[in-house]
Every structure is written in C-alpha cells, then in structure tokens.
Amino acid sequence: MKALVCWADGVQFTRGTHEGLPLLSYRCAPRDKLATYRQLRAMGLRPNGSDPVAVLYGRHNRSGKTWFASLYLIANAAPVRPMTPAKWTALAKANLARRICQTCGKDPLYVVPTSTHQCWKCFELNENTEMAEAS
Ligand SMILES: [Zn+2]
C-alpha cells in the first residue's frame, strides 16, 4: 500500500493505516526520522506536544500478538526539560521560606511549624508573655 507521509517526500510504502495514521512495520520505519515515545526518551527527547504521525507495529516473538506503538517525528521532538539552575534556586528559596520564623525573621535551620510560622524560641517567648499577661 502506498500513502503520502509527512516525514518523506512523495509516496511511501506503508502497511495500510491504523486509526487514521500510516501503519509501518518495524523494518520499514525510517529510524532516523521517526521514533516511538520510548525511543525519544532514550535519546533525551520528548514529543513536545506533537501528535504521532504514524503507527509502528510488530509481532511479539513469544505470544505471536501484534503490538502497536505511536511514532513521532524526531524533527519535532524537543529535549526533555532538565532542572535548570533557576529552578533549583526557586526550589531552594521555597524551602528557605518555610524555615524563616515570621517573628524574629531568622532561619532556625529547620522548617518552622506551619501553624505558627515561628521558631520554637519565639513560640516559647510568646507563650510566656501570654501567660505573664494573663496572670
Ligand atoms: Zn523566631
């Protein structure tokens, strides 16, 4: 079967269509142009929101069952977003903010309780003054 495909000029041989996409057998899929999601990940790439352009199919040796896998254009793929320095900084800042005592503004080197947002020193001081005021 011949079909117009988007990864090559002109008409290419396919094995028909599967859910509207050209169906390719494992052997005739152009490995330099198309890749499955797993193959993209192995290359440090992701589909980048693009839809699969073809369906790859093969047969399991043991079970004899046919499997299908979506094929993406490698040209449309984008690198998997790594943790950038800016992201690490933002994360560190968020963690630091959770440690800062809202009363004395110091970093007690532990995450302060979310109920009080105070370090234990200030919390105790508060308790004592409240008790002193009460008596
Ligand atoms: Zn404090």
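Each residue of segment 68-85 was assigned a 3J(HN,Hα) from its phi angle through the Karplus expression (A = 6.51, B = -1.76, C = 1.60, θ = phi - 60°), giving 10, 9, 5, 10, 10, 6, 5, 4, 8, 6, 10, x, 5, 5, x, 5, 7, x Hz with x at Gly and Pro. As a fraction of the 1.4 Å probe accessible area of segment 85-134, surface on carbon and sulfur atoms comes out at 61 percent.
Only helical runs count toward this figure. For the chain, summing -39,500 (n - 2.57) over DSSP H runs of n ≥ 4 and dividing by all residues gives -7500 deg cm²/dmol at 222 nm.
For the chain, modelled as a GNM whose springs connect Cα atoms under 10 angstrom apart, the maximal fluctuation among Lys33, Lys121, Lys87 occurs at Lys121. Taking amide H as placed 1.01 Å from N in the peptide plane, Arg46 has its amide H under 5 Å from the amide H of Ala78, Val80, each at least 5 places away in sequence or on another chain. The number of Lys pairs in the chain with C-alpha atoms less than 30 Å apart, excluding pairs fewer than 8 positions apart on the same chain, is 7. Amide H contacts of Cys104 (H built 1.01 Å from N, in plane; Pro and chain starts excluded): Cys119 sit under 5 Å, all sequence-distant by 5 or more or on other chains. Accessible surface computed residue by residue for the chain, with neighbouring protein chains in place and a 1.4 Å probe, gives 74 Å² per residue. Extension gain for the segment Leu109 to Ala86, taken as residue separation times 0.36 nm less the Cα-Cα distance, is 6.0 nm to one decimal. Using a Gaussian network model of the chain with C-alpha springs under 10 Å, which one of Val53, Val80, Val111 is most mobile by mean-square fluctuation? Evaluated over the chain, the most mobile residue of the options is Val111.
Under a Gaussian network description of the chain, with springs only between Cα atoms under 10 Å, the residue in Ala54, Ala29, Ala97 that fluctuates furthest is Ala97.
Qualifying chymotrypsin sites (Phe, Trp or Tyr not before Pro) in segment 1-93, where qualification requires a DSSP coil assignment and no more than 13 other C-beta atoms within 10 Å, comprise Tyr26. For His60, His18, the ranking by accessible surface with the largest value first comes to His60, His18, using a 1.4 Å probe. Compared with the alpha-carbon gap, the fully stretched path from His117 to Thr66 is longer by 12.5 nm at 0.36 nm per residue.
For His18, the amide hydrogen comes within under 5 Å of the amide hydrogens of Leu23, counting only partners 5 or more places away or on other chains and with H modelled in the peptide plane.
The values are calculated or read from the model by the stated rules, or taken from the named source; none is laboratory data. Predicted model, so just to flag it, every value in this text is computed and none were measured. So basically every Cβ, Gly included, is an ideal-geometry build from the backbone, and we count neighbours across all protein chains shown. Keep in mind that these areas ignore ligands, DNA and RNA; they rest on the heavy atoms of the full protein, side chains included. Shrake-Rupley method; radii C 1.70, N 1.55, O 1.52, S 1.80 Å.
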